[in-house]
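Before any comments, here is the structure.
Coordinate-derived values only; no laboratory data. The structure presented is a predicted model; accordingly, all values stated were derived computationally and were not measured. Here the Cβ is made from the backbone with ideal geometry for all residues, glycine too, and neighbour counts use every protein chain on show.
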């Protein structure tokens with residue numbers, strides 16, 4: 001498969017695919033005599049893994065580790081589960097932090113009359129010691 005075909009199948013841009021190759025996140029594809037990349041079913045699986053893992057919040061470095069684990073016949077599911085549990089914990093903390101931000105912003109919006117006067121409770125709260 002060429003890069004256009006694998007891009008269509010995975011839904012990833014050709015730019016992303018090249019980046020994943022450049023960063024060593026996926027296995028480097030073979031090259032044709034003309035120098036074009038030739039992707040296999042292994043690349044399709046790797047790219048699907050990266051795409052789904054990124055959508056679940058994993059970083060590119062974490063995606064690389066997951067690809068490595070996918071290729072490791074001696075991997076332990078406990079290791080994969082632990083990495084996923086760690087990501088879940090991280091995401092829950094981010095959600096909690098975002099909820100705290102949402103609460104603060106809601107308080108500010110509620111406290112400010114939003115009229116033509118210069119008095120602004122939001123600015124007062126932001127600048128108090």
Practice problem: Express in whole angstrom the spacing between the alpha-carbon centres of segment 26-60 and segment 64-114. | Solution: 25
Exercise. Round to the nearest 10 and give me the degree value, 0 to 90, for the angle of helix 77-111's Cα axis relative to the longest principal axis of the chain.
Key: 30
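For 65, 115, 33, which order do you get if you count the other beta carbons within 10 Å of each Cβ and list the fewest first?
Working: 65 17, 115 8, 33 5.
Going from least to most buried by this count: 33, 115, 65.
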Quiz item: What number, in percent, do you get for the relative contact order of the chain if the mean sequence gap of Cα pairs under 8 Å and at least 6 apart is divided by its residue count?
Solution: 16
Exercise. Mind pulling the angle between the C-alpha long axis of helix 60-71 and the longest principal axis of the chain? Nearest 10 degrees, somewhere in 0 to 90.
Key: 40
Self-check item: Where labels lie 7 Å past Cα in the beta-carbon direction, separation of residue 30 and residue 115 in nm
Solution: 7.6
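Could you line up 80, 50 from fewest to most neighbouring Cβ atoms inside 10 Å? Spell out each step's value before the answer.
Working: 80 14, 50 24.
So the ranking, lowest neighbour count to highest, is 80, 50.
Between residue 55 and residue 72, what length comes free when the chain is fully extended (0.36 nm per residue of separation minus the Cα-Cα distance, one decimal in nm)? Could the numbers behind the result be given before it?
Values: separation 17, 0.36 × 17 = 6.12 nm, distance 2.27 nm.
Result: 3.8 nm gained on full extension.
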Quiz item: So, in nm, how far is label residue 5 from label residue 83 when the simple model puts each one 7 Å beyond its Cα toward the Cβ?
Solution: 2.9
Quiz item: To the nearest 10 degrees, how steeply does helix 41-55 sit against the main Cα axis of the chain, on a 0 to 90 scale?
Solution: 10
Quiz prompt | Exposure proxy order (Cβ contacts within 10 Å, fewest to most) of 93, 12 | solution = 93, 12
